[in-house]
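Peer 1: Below you will find the structure I want to go over with you.
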Amino acid sequence: MMYAWTAIFAAVLIWSGIQPTDRMTWVLEVLPAVIGAVALAVTRKRFPLTPLLYGLILIHCIILMVGGHYTYAEVPLFDWLGDAFGWERNNYDKLGHFAQGFVPAMIAREIVVRREVIRPGAWTSFFVVCFCLALSAFYELIEWWVALASGQDAEAFLGTQGYVWDTQSDMLWCLSGAIVALLILSRVHDRQIQRLTPRLKTG
């Protein structure tokens, strides 16, 4: 599984780095995916994740790398969808922020459940949602700091496209992603954790 994961990640990373729309934006958008891949490689033997989580992380990395290649405001598929549905902007960034809640929610849930940080139940879900909102807020701060440091060069990274409520909308999409992930994936996630934990204890 990890060989396939690595091959897909590497292929998309190489493609995204070939003549991206804006090189600085590519670096800023792809860097979290690369850091995540390195973290997975370092912790794979000490703290292997569930197959569900590895798959979700790969999808999130691909979203980041596609956005880095085109910039979030210029992904061709979402230009086409915008024309089809009458959108006034390219909404690929909203997919990115939905994933920013959806995938980290499951990462946080797996760590909290397996490390027994919080007793399973409603408090676990509450903590996970709060974590994702905090992560989203911190990411918006990073975007602000980058904009202050680089001026006009950060426009493609910010991806506001003239929408005055872009920051608040991004956080709402992240919140929605976290809630949806918990609602539809918690049961299958629990089953995979139960299958993984005994193997780890006896292995």
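Peer 1: Filter the range 77-88 for residues that are surrounded by 13 or more Cβ atoms within 10 Å (Cβ to Cβ) and modelled with pLDDT of 85 or more and give the result.
Peer 2: Scanning the range 77-88 gives Phe78, Asp79, Leu81.
Peer 1: Separate question: May I ask you to list pairs of residues, at least six apart or on different chains, whose Cβ atoms are under 9 Å apart, with the first in the range 118-143 being farther than 14 Å from Val180 by Cα and open to solvent by 30 Å² or more (accessible area, probe 1.4 Å) and the second being of a type outside the set (Gly, Ala, Ser) and not in a helix (DSSP H, G or I)?
Peer 2: Phe127/Val117; Phe127/Ile118
Peer 1: For the range 148-186, name all the residues that are modelled with pLDDT of 95 or more and surrounded by fewer than 11 Cβ atoms within 10 Å (Cβ to Cβ).
Peer 2: Leu183
Peer 1: Here's something else I'd like to know. Considering the range 12-36 alone, what residues qualify as being surrounded by 12 or more Cβ atoms within 10 Å (Cβ to Cβ), more than 20 Å from Phe98 (Cα to Cα) and of a type in the set (A, V, I, L, M, F, W, C)?
Peer 2: The answer is Val12, Leu13, Trp15, Met24, Val27.
Peer 1: Separate question: Answer yes or no: is there a residue in the range 96-117 that is farther than 26 Å from Thr25 by Cα, over 19 Å from the mean Cα position of the chain (by Cα) and open to solvent by less than 50 Å² (accessible area, probe 1.4 Å).
Peer 2: yes
The values are calculated or read from the model by the stated rules, or taken from the named source; none is laboratory data. Because the structure is predicted, anything quoted here is derived from the model rather than measured. FYI the Cβ positions are ideal-geometry reconstructions off the backbone, even for glycines, and counts take in every protein chain you see. Each accessible area value is taken on the protein alone, full model and side chains, heavy atoms only, with ligands, DNA and RNA left out. Shrake-Rupley method; radii C 1.70, N 1.55, O 1.52, S 1.80 Å.
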